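Engineer: Would you mind keeping the following structure in view while I ask a few things?
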């Protein structure tokens, strides 16, 4: 009987000392999987901070969320941070207010960096509401931002420019 109890004690101690892996690290990868997607992170917060600053006209905060050499690709037209900010200044100069209704936002974190060393991308859908006097125009936007070292370093946005052109008349 003592041998049986000793055997159970030994087996129990072996199981207790075995390392347990938890979370994503212990999950077997699906063939072709090369990263993860999450719905809340410091990078999704950075993305939202940028949009809030845009909406409130806080140009200093807006600028601080981007790397100085960021490239914006608005409907595949590339521009610098200064050119991007000039576009929003033109709205303000024409008396157009900007409101952002945010839809889903998520971050994709890839295992391997691209040629620029980027592994993190935040994607989001939003409706941009432009108001000038009693006129309102809406446009749906899909944006993907590459993030590196806590800054937005490249941005791709797709949207219909017709609403923006109409409100600027």
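Here, each number is a calculation from the coordinates, and none is a lab measurement. The structure presented is a predicted model; accordingly, all values stated were derived computationally and were not measured. Cβ coordinates were reconstructed from backbone atoms using ideal geometry, including for glycine residues, and neighbour counts include every protein chain displayed.
Engineer: Grab the Cα-Cα distance for residue 75 and residue 168, subtract it from 0.36 nm times how many residues apart they are, and report the gain in nm with one decimal. Working shown, then result.
Structural biologist: Details: separation 93, 0.36 × 93 = 33.48 nm, distance 1.84 nm.
Gain on stretching residue 75 to residue 168: 31.6 nm.
Engineer: Assuming R0 = 25 Å, what is the FRET efficiency of residue 88 and residue 36, from their Cβ-Cβ distance, to the nearest 0.05?
Structural biologist: Numbers: r = 33 Å, r/R0 = 1.32.
Efficiency computed from Cβ-Cβ geometry: 0.15.
Engineer: So, in nm, how far is label residue 67 from label residue 52 when the simple model puts each one 7 Å beyond its Cα toward the Cβ?
Structural biologist: Roughly 2.5 nm, to one decimal.
Engineer: OK, next. Using the basic label-point model (7 angstrom from Cα toward the beta carbon), what is the residue 102 to residue 119 distance in nanometres?
Structural biologist: So the two model labels end up 2.5 nm from each other.
Engineer: Moving to a separate point now. Treat segment 31-167 as a sphere of radius equal to its Kirkwood radius over Cα pairs and apply Stokes-Einstein at 25 °C in a medium of 0.890 mPa s; give the translational diffusion coefficient in µm²/s, rounded to a whole number.
Structural biologist: Working: Rh = 15.6 Å.
In µm²/s, the coefficient is 157.
Engineer: In units of 2.2 N^0.38 Å, what is the alpha-carbon radius of gyration of segment 59-128? Write down the numbers at each step before the final one.
Structural biologist: Numbers: Rg = 14.5 Å, N = 70, 2.2 N^0.38 = 11.1 Å.
Its radius of gyration relative to the 2.2 N^0.38 Å reference: 1.31.
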